[in-house]
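The values are calculated or read from the model by the stated rules, or taken from the named source; none is laboratory data. A quick note: this is a predicted structure, and the numbers were derived from the prediction, not measured. Methodologically, a virtual Cβ is constructed for each residue, glycine included, from the backbone with ideal geometry; neighbour enumeration extends over all protein chains shown. With ligands, DNA and RNA removed, areas are computed over all heavy atoms of the protein, side chains included. Shrake-Rupley method; radii C 1.70, N 1.55, O 1.52, S 1.80 Å.
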Amino acid sequence: MKPVGTLSCCLSSPVDRMDGKVKKQKKHQQKHSGPKAEKKKLRKHDKPTEEDDRRRNPKAFAVQSAVRMAKTFHRAQDIKTRKHHIPLVDRMPLEPPPVVIVVVGPPKVGKSTLIRCLIKNFTRQKLGDICGPVTIVSGKKRRLTFVECNNDINTMIDLAKVADLVLMLIDASFGFEMETFEFLNICQVHGFPRVMGVLTHLDSFKNNKTLRKTKKNLKHRFWTEVYQGAKLFYLSGMLYGEYQTQEVKNLGRFISVMKFRPLVWQTSHPYVLVDRLEDLTNPEKVRMDPRCDRTVSLYGYLRGAHLKNKSQLHIPGVGDFQVSDVNFLPDPCPLPDAQKKRALNEKERLLYAPMAGVGGLVYDKDAVYIDLPASHSRQQQEEVRPTTELVQSVIDTHTTLDAKMAASKVSLFTGSATLDPSDLNEEPGLQEEHIWDPNSQRERRKVVFPGEEENVSESSSDEHSSSEDDEHAADEDMNDELFTLIKEVRAESETMAEGAPPSKIQKLEEVKSCGQSVAELPAFADSNDELEKSEEEDEGEDESEEENEVGRAEDSGHCSEEEEEESADEEVNTDEQKNTYSVEAVFVWALRWKEDLQQKAAEAFLRQQEAAPNLSKVVYGSVDSDEEDEELGGLFRVSRPHKSKRLQTNSVDCSRFPPDSSLNWNLEEILDSIRDCFVTGKWEEGQDAATLLKQDDELYGDFEDMETGEVHKSQTAGQQEEEEENGESDEGEEIQVRMEDEEVQKNKRLEKKRRLKERFNAEYDDGDATYFDDLKEEMQKQAELNRAEFEEMDDETRVQYEGFRPGMYVRVEILSLPCEFVANFDPHYPIILGGLGSSEGNIGYLQLRLKKHRWYDRILKTRDPLIFSLGWRRFQTIPLYHIEDHNGRHRLLKYTPQHMHCGASIWGPITPQGSGFLALQSVAGTKAHFRIAATGVVLDLDKSVTIVKKLKLIGYPYKIFKNTSFIKGMFNTVLEVAKFEGASIRTVSGIRGQIKKALSTPPGSYRATFEDRLLMSDIVFLRSWYPVTIPQLYNPVTSLLRSVGQKDNWSGMRTVGQLKHDLGIRNKPNTDSLYKPIARAKRRFNPLHIPKELQKALPFKSKPKFQQPKGKMPRDLRRPCVIREPQEKKVAALLHALGTVHHYKKKKTTTVQHAKHKEFLQQKEKQEEAKLKRQKEAKKKLYRLMGQMDKKKLKSSLKGAPKDD
């Protein structure tokens, strides 16, 4: 049978191919359920981790090299430790202020365009001119404030102090400019914020290779200045005047998720970046004196620390001021509601820029200003902004509210007839009647109250008078038309109830029941306040409404008007409904108020007792309710009054005597309901009295009273004796019970031991926790404690305790601001309110450590004025540079040292130690060179350092003895000499001496002793030190008070060099300081004289030789000159020419020979190199063969001798 099957299979396949239909293989269907599928899912979900591999194959993960493993471990620990930073307490509020993003760069690099593109990316709105801070909502928990930084060095310094993030724009086609490096150095001094670079003008590169190379160079240079790996974005080009959308979106994403490290100066000082200002000065005062001081209110988000009222603050560019008043206002750019959603909707894409003219509502202390678009006629064409939508709808209203109410119609029930205001005869308002008064001789306006008689009867019925005749009279005076109207409504409601669905019928029944209860309200009300709603129905209302109802009297317990509104249809007008029900209730009460008076009185009394007011709420003001009502669909809340804490608090009140409820205490069920409230009841296992007594017996057992000698036996022992007496019938059951009790006790003891061990381990075994983790945990606890302290308080109370917290939008009012601040206000220059500490408003001496900046091209001179940026302030002062010697003396320096720190002492504002500063020589205009002259840090805040200056006093000797001399010209009086007695002196030639005693004449002369005898030509000098006083100059930079366009041209005190240059003054040189040609006279020495006796003892070599000086040769002995003949002259010239040619040829031959020899030496050197190379290769080959042979020998020796041997 097998061959047949095989043949059939073979034949069938060609037939299928001949038909042109190739059979597709059946696809494998994976199992989605069953044990195999579950295993696969589990395997896919739990991928094998490194621990599983390590467990499966431990040898593969064993330590191969201990040294390499130690290095790896050390490197990992180094990397981990390098990431550590000192943890700071997180003082950021729950609603943090907007993140300040400063966009910096040189002119024409694209700062405004980038801000517009980012604003459009976040808010879908276009902004024209970027003036002042622009605040936007970028996400559910983050807001951003964009500020553009211009090229003024003052603006760069101010914004570097408040920036959270710096977007540094760089023109890639040009490269780095000086402004970029200046701003980076400013940031390094004042606390480095996060910095992101943005490269623009990349579309100017036509060659991709050049573009890549430029990007790489700029990136590495940027990393050098900031840190390795700093983010650098590339904006490749522009399209229709904007950057590409995707690139701007990526940049916006980075900004939205970036984390910021708190900077020390910012977190320790409150500050406000002002986004709006208002001049509050009396206009009449300004008219009378245009240059009077102004009262200005400044608005902005508070950042940093808490701001206290009446504190001091500094406005950079203006000066120090005291806060007159501070208030917090509603947030003009609030965060969206805390809902779970992935993105913001259009209404929540807020943009707030008052200086740029953008922002819907502007809040003030006592008013709200509405900012409307300029043209209302084109409102339909333009998109209506969400901030002005409410105002536009108010403007579009053409009819008044009264007219709308008069035209409206109300339907009490679904399908019933509508009611117009004309259907009810409403009481008209107050009317007046003009009456002439003859006594006062004038026309008086008398108020006429229509329907005065009806109102009298109604008021008497409301006041619960006991006269029934008055009540019947009031009933008879009621309007007949109102009766007919109510009958019609009742008839319609009954017909609707018959044909309505069950839910509607139920609602109508509820309405009827409520109507009946309302009808009973006036019958036994104790006061008018009892008609208000009860506390149980007020659970969903606000705290303020609950506090208002604390003083009300107790409710009567009937259905209130609020419940009627809930049970009726949603379309019913609530005001009309209340009027209808109240009127209906009055008439029903008038018809049947006498029925069952006794029963109604008893029920009302019981309701009053049950609805007792909450005493804790009366005493303490409020009751906490932790339970949250159950929500249905996120819209309705299920009210459960029986579960609320308020009802539980009201239920048991000892201050009132509860009425006797009809409970039959003979019934067993009622007794069982309260049995557990007593000792005899069934309690929990751990609290049951019988169980506790049994445990005591087991613990303590038998004991003997030492006084009486009586023996007390435990209960178990007594039971054992009884069992022995009664027999051993129940012995098995008792043993089993006892064993169970012992097991329970054992388990309890084990559980207690386990808990104690866990507590011990938690205290003493930290596990992998390090000191850094403990520090972070401690800071986290402190932050939680800070948040929880004032969390429950409202803002008004909280502000009085801790001040205005960061994140609030505050209004700061300042008195006595200069009028130029308001008159010359320019929104392109930021205004910062920097809060000052308790002592930072004082001026005093500061000791600094200063270093001239390595990029500044000139050294700094002592007593030249410098502009310092220290803390919030920018001010000009005169520094004195000094350096500390090895003996602790602070020596004055004339110039700053190169590449080295020196000390500096200034007179300026007291600033905390450790604060960084920078110094400039000028802030006016843009200089060609680097503008930051020096940087440093504050060391000390007092005048403890005495700076001394070197002083040389010069004198001349006028009488010289052996080692004693009389010196004059150094001092002027005897008193001066007495001060310097014992001082060290020395001469120019280096002979040291000491001052001994003053002489009487000449005045100022003294006697001094020296190491050696002086000459009259010696000069004596005394080296002394003179203390220098620090100049007290503090000149704040008031750049914001200058006129518009001149704010970057502030100039203070000029240096001496600048003054001389500007005034064209040239110093007359000191003649002694000029270089002169030195003419030294030739010195003639006497001949050496050696005595004859000494000459005899000297060897011949050293003896003086007295040779006769050669005189002039006589003329007759001189050789006469030879005069050649012409023929001899020709022969001599020819020989000279031939000799010259011969010498030239010889020189040329020598040169050629030297060149050939040099070439030969080079060839020989090459041959030597080739020879050495060949020898080296041969040696290598030989050594390789020898090594292989040695290896073979070693292997064969390890294997052992062959078998043949």
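Under the rule a/c < 1.5 gives rounded, and otherwise a/b versus b/c splits prolate from oblate, where does segment 774-876 land using the Cα gyration tensor? Oblate, because a/c is 1.5 or more while a/b does not exceed b/c. Measuring how big segment 203-258 is from its alpha-carbon positions, Rg and Dmax come out at 13.2, 35 Å.
Model label points for Arg1083 and Lys80, set 7 angstrom from Cα along the Cα-to-Cβ axis, are 7.8 nm apart. Accessible area per residue was computed with a 1.4 Å probe on protein heavy atoms; His85 scores about 90 Å².
Per-residue surface analysis assigns Asp794 an accessible area of about 80 Å², computed on protein heavy atoms at 1.4 Å probe radius.
Tell me, what are the semi-axes, in whole angstrom and largest first, of the equivalent ellipsoid of segment 906-1003 as set by the roots of 5 times the Cα gyration tensor eigenvalues? Its equivalent ellipsoid spans semi-axes of 49, 18, 13 Å. Report, to the nearest whole %, how much of the accessible area of segment 1002-1093 belongs to carbon and sulfur atoms, 1.4 Å probe, protein only. That share works out to 54 percent.
Note on Leu1172 and Asp774: the extension gain reaches 136.5 nm, defined as 0.36 nm multiplied by sequence separation minus the Cα-Cα distance. Across segment 1038-1140, Cα-Cα pairs farther apart than 16 Å form 85% of the total. For segment 232-345, the calculated P(r), taken from all Cα-Cα distances in 10 Å bins from zero up to the bin holding the longest distance, is 9, 25, 26, 23, 14, 4 percent. State whether segment 976-1124 is rounded, prolate or oblate according to the following rule on the C-alpha gyration tensor (a ≥ b ≥ c being the square roots of its eigenvalues): a/c under 1.5 gives rounded; otherwise a/b larger than b/c gives prolate, and the remaining case gives oblate. Verdict is oblate for segment 976-1124. Summary of the geometry: segment 117-188 and segment 920-969, compared by the centres of their Cα atoms, lie 44 Å apart.
Computed packing ranks the peptides 197-209, 911-923, 1146-1158 as 911-923, 197-209, 1146-1158, most packed first, by mean other Cβ atoms within 10 Å. Taking a ≥ b ≥ c as the square roots of the eigenvalues of the Cα gyration tensor, segment 93-201 is oblate, since a/c reaches 1.5 or more and a/b is not larger than b/c.
Among Asp857, Asp1018, the order of accessible area from largest down is Asp857, Asp1018, computed with a 1.4 Å probe on protein heavy atoms. Descending by average beta-carbon neighbour count within 10 Å, the peptides 967-977, 876-886, 1080-1090 line up as 876-886, 967-977, 1080-1090, the highest first.
When the Cα convex hull of segment 816-906 is projected onto planes of every orientation, the mean area is 9.0 nm². Sorting 978-991, 110-123 by their mean Cβ neighbour count within 10 Å, with the most densely packed peptide first, gives 110-123, 978-991.
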